[in-house]
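Trainee: Handing you a structure now.
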Amino acid sequence: MHLAYCSCFLLPLVGAQNLTEPGPRVGGQPTAEGRLAITASSEESNTVVGEHLFTIGLYSDSTVKVDKIVVESSDLEAFNLSVVSLAGCNQTRTASTQISCDLDGLPAGKTRTRSTVVVREKERPNGDLCLIPINATSYIRDAGTKQLQRWRRVRTVLNWCELTYEQADAYSRFTRPSALVVAALPSAEDEQRRLKQRSKWADFTPTGLYLNPRRRLNVTLSGFKGVGERPMLVVGTPLLINPRIKKFVMRSNLKQYELEEGDNIVSNDHGGIIYFRHTYRAGTEPPAPVTVRVNNDAAQPFPLFREGITTNEEWIDMLRSTTVPFAEYYGERVIITGLADATLDAALGGGDQQELLAMYKNIIAAQDAISGLNATAKHPADRPSPLRPMVVHGMHSGVLAASTNYCIIVGRGAVGDIWVLPELAASWKIWHELGHQRQHVTTWSWQAMTEVTTNIYALAAGRECRRIRRPKGDYEHGTVNEWIKARAYLALGGKKNFDTADVFTKLIMFEQLRVVFGHEFYPELHRRSRAAEAVATDADRKHFFMTQASDIAKENLVDYFVKWGLRPEERTKVVMGQHAKPKVDYTNRAVYVDEK
């Protein structure tokens, strides 16, 4: 699955975990059909320190009129809050210590209503006082008795304050260098353009520090000569799961703060993990490293595993001891970020963390290789990136995963794929999402191939993992059964439309080209793609792919692509026709059968 931008997953931190209780039968008849839902969100005032706007939304979809809805919070005094003003909630008074709203009925059908309450905090709470339960109870009038009968009761939790933590053992297990030397990296935008790849990678450096919300962080920058891009402090891992409400993500998302030579003060309303960005633009000389020093405790340390430095024993000790609930790996080829408790569960399984990062290195190297990237390449465009993809522990309860700029996100139902070596070594999910970041969508991977060409890179990663750890047995995909299914598709004759075929049937064609024309087929296609100009339309991308494939093969592949249902245009046939036709039918070439 691919998301065009990180913001696609950005949801309000607060809100609607709706737990519904059915009401009783009304008038001896079954309760009216439909549902009631409640949302609750909080927005901090930009003008008055300590004031917050609570917005409570109700949604009703019933077959009959809902005559009354009562909304109630728990006691606000327990949260050091009191009401300042309100709208749409007449039963609550100024200085009240409870939200209590009797709302008029809602008509049958789909209806929404909203109430707002402004509250003021008496003192800043700790994390245990940030979650306010809010209930909504609806009533329908019995046609016979005219009495109100309860219909639905729902409840949610409003998270009104940010995540503040203090590391209990900050000066032993979690010591960091007093000064961090940050080397310059090429910018994410320039590397994306150079490689022609779909997504940006991380051009910032982990620190192992969490910035508490609304705390003033004192940072000293030295070594910056004033030439090139200004170094930045960056707050917030993209799409990282919220440790308090796991159905939501952290609010801060790569918020940038420019740093000047000397002392700087940085503050962020929502808090988040800290990174440093020191970059240079294409065509310029890399600047010298800079030194960054964090001078106060506004930023708290949390477990950071540094490849080649941290031991397994130190890692488990940090994870067991931390009171800041995050954990991050800083590897040579990858950054992995998640919650400390889930990371500890994986680490206690006995896996070697250096081997885990080595497996990521192998997966990324395999995808480099099929992309035609080599550290000794003559042309700079064909060398691997020094930047890293991020693998982030996401908010989803299931096994959903996604890919976007800077990171791939793995749902909390599949986090073993992130941290457990045997699972990573068989994780089509990880390989597939990392593959999305590599796609050449401006030259040869057209829209209908979004979930297909990513698997060229997944298959490359799988072959490498099989070579290292798993010489026998099927993976989730790339199976003989998928080849058999593709044979049935090929037998359909002229009825075929490649763009609408099954994803893994389409993948067979791309894999067949590698099997027939050798391991250098895709590296050469990628090198040519990087050297080419972007094309405007999907028709142009299909043309580029088919003509380049034919030229790399040195054969006329018109019949081959027609049999697969690609329907090449006349211009495409003319270009491919410059080569001789093959003597065999390549669509009969089996794939996957020799992979075990």
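The values are calculated or read from the model by the stated rules, or taken from the named source; none is laboratory data. Because the structure is predicted, anything quoted here is derived from the model rather than measured. Please note: Cβ atoms are built from the backbone with ideal geometry, for glycine as well, and neighbour counts cover all protein chains shown.
Trainee: Condition first: more than 22 Å from Trp160 (Cβ to Cβ) and at pLDDT below 50. Can you find one or more residues in the range 33-47 that meet it?
Mentor: Taking every residue of the range 33-47 in turn, none turns out to be more than 22 Å from Trp160 (Cβ to Cβ) and at pLDDT below 50.
Trainee: Against the condition crowded, with 19+ Cβ neighbours inside 10 Å, under 20 Å from the mean Cα position of the chain (by Cα) and more than 27 Å from Gly372 (Cβ to Cβ), how does Pro238 come out, does it pass?
Mentor: yes
Trainee: Scan the range 134-161 for residues that are assigned to a strand (DSSP E or B) and in contact with a Gly (Cβ under 6 Å, 6 or more places away or on another chain) and report the count.
Mentor: Count: 3.
Trainee: Now for a separate question. Could you say which residue among Leu195, Leu221, Leu233 is crowded, with 16+ Cβ neighbours inside 10 Å, assigned by the TED database to the domain that holds Tyr275 and either under 20 Å from Ile336 (Cα atoms) or modelled with pLDDT under 90 (or both)?
Mentor: Within the list Leu195, Leu221, Leu233, the selection yields Leu233.
Trainee: Collect the residues in the range 355-393 that are within 18 Å of Ile336 (Cβ to Cβ) and surrounded by fewer than 16 Cβ atoms within 10 Å (Cβ to Cβ), keeping them in residue-number order.
Mentor: Glu355, Lys361, Pro386
Trainee: Can you tell me which condition Asn253 does not meet? The list is (1) surrounded by fewer than 22 Cβ atoms within 10 Å (Cβ to Cβ); (2) at pLDDT 95 or above; (3) touching a Ser or Thr at 6+ places or on another chain (Cβ under 9 Å), and all the others hold.
Mentor: (2)
Trainee: Further question: For Glu511, all conditions in the list (1) among the charged types (D, E, K, R); (2) under 22 Å from His477 (Cβ atoms); (3) outside any helix (DSSP H, G or I) hold save one; what is the number of the exception?
Mentor: The failed condition is (3).
Trainee: With the requirement that a residue be of a type in the set (A, V, I, L, M), surrounded by fewer than 21 Cβ atoms within 10 Å (Cβ to Cβ) and either in contact (Cβ under 8 Å) with a residue 60 or more places away in the chain or closer than 21 Å to Ser178 by Cβ (or both), what does the range 300-331 give you?
Mentor: Across the range 300-331, the qualifying residue is only Ile309.
Trainee: A further question on this structure: Among the residues of the range 268-281, which ones are at pLDDT 95 or above and not aromatic (Phe, Trp, Tyr)?
Mentor: Gly272, Ile273, Ile274, Arg277, His278, Thr279, Arg281 - these are the residues of the range 268-281 that are at pLDDT 95 or above and not aromatic (Phe, Trp, Tyr).
Trainee: From the set of residues in the range 117-156 that are under 32 Å from the mean Cα position of the chain (by Cα) and at pLDDT 85 or above, which is surrounded by the fewest Cβ atoms within 10 Å (Cβ to Cβ)?
Mentor: Within the range 117-156, the match that is surrounded by the fewest Cβ atoms within 10 Å (Cβ to Cβ) is Pro133.
Trainee: Continuing with the same structure: Is it the case that some residue within the range 84-96 is of a type in the set (S, T, N, Q), at pLDDT below 85 and under 36 Å from the mean Cα position of the chain (by Cα)?
Mentor: Checking the range 84-96: not a single residue is of a type in the set (S, T, N, Q), at pLDDT below 85 and under 36 Å from the mean Cα position of the chain (by Cα).
Trainee: Mind listing whichever residues of the range 60-75 are out of contact with any Pro (no Cβ under 6 Å at 6 or more places or on another chain) and either free of Cβ contacts under 8 Å to residues at least 12 places away in the same chain or surrounded by fewer than 19 Cβ atoms within 10 Å (Cβ to Cβ) (or both)?
Mentor: Of everything in the range 60-75, those that are out of contact with any Pro (no Cβ under 6 Å at 6 or more places or on another chain) and either free of Cβ contacts under 8 Å to residues at least 12 places away in the same chain or surrounded by fewer than 19 Cβ atoms within 10 Å (Cβ to Cβ) (or both) turn out to be Asp61, Thr63, Val64, Asp67, Lys68, Val70, Glu72, Asp75.
Trainee: Give Glu464, Glu433 a once-over and let me know the one that is in contact with a strand residue (DSSP E or B) (Cβ under 8 Å, 6 or more places away or on another chain), touching a residue at least 40 places away in the same chain (Cβ under 8 Å) and part of a helix (DSSP H, G or I).
Mentor: Testing whether each residue is in contact with a strand residue (DSSP E or B) (Cβ under 8 Å, 6 or more places away or on another chain), touching a residue at least 40 places away in the same chain (Cβ under 8 Å) and part of a helix (DSSP H, G or I) leaves just Glu433.
Trainee: Consider Ser267 against the criteria (1) surrounded by 19 or more Cβ atoms within 10 Å (Cβ to Cβ); (2) touching a Lys or Arg at 6+ places or on another chain (Cβ under 6 Å): it satisfies all of them except one. Which criterion is unmet?
Mentor: Of the numbered conditions (1) surrounded by 19 or more Cβ atoms within 10 Å (Cβ to Cβ); (2) touching a Lys or Arg at 6+ places or on another chain (Cβ under 6 Å), the odd one out for Ser267 is (1).
Trainee: Suppose we keep only residues that are of a type in the set (A, V, I, L, M) and part of a loop (DSSP other than H, G, I, E, B) within the range 467-508. Which one would you say is nearest to the chain's Cα centre (by Cα)?
Mentor: Of everything passing the filter in the range 467-508, Ala501 is nearest to the chain's Cα centre (by Cα).
Trainee: Report, by residue number, each residue of the range 537-553 that is part of a helix (DSSP H, G or I) and over 22 Å from Glu511 (Cβ atoms).
Mentor: Ala539, Asp540
Trainee: With the checklist (1) more than 26 Å from Gly462 (Cβ to Cβ); (2) loosely packed, with under 12 Cβ neighbours inside 10 Å; (3) not small (Gly, Ala, Ser) in hand, flag the one item Asn588 doesn't pass.
Mentor: (1)
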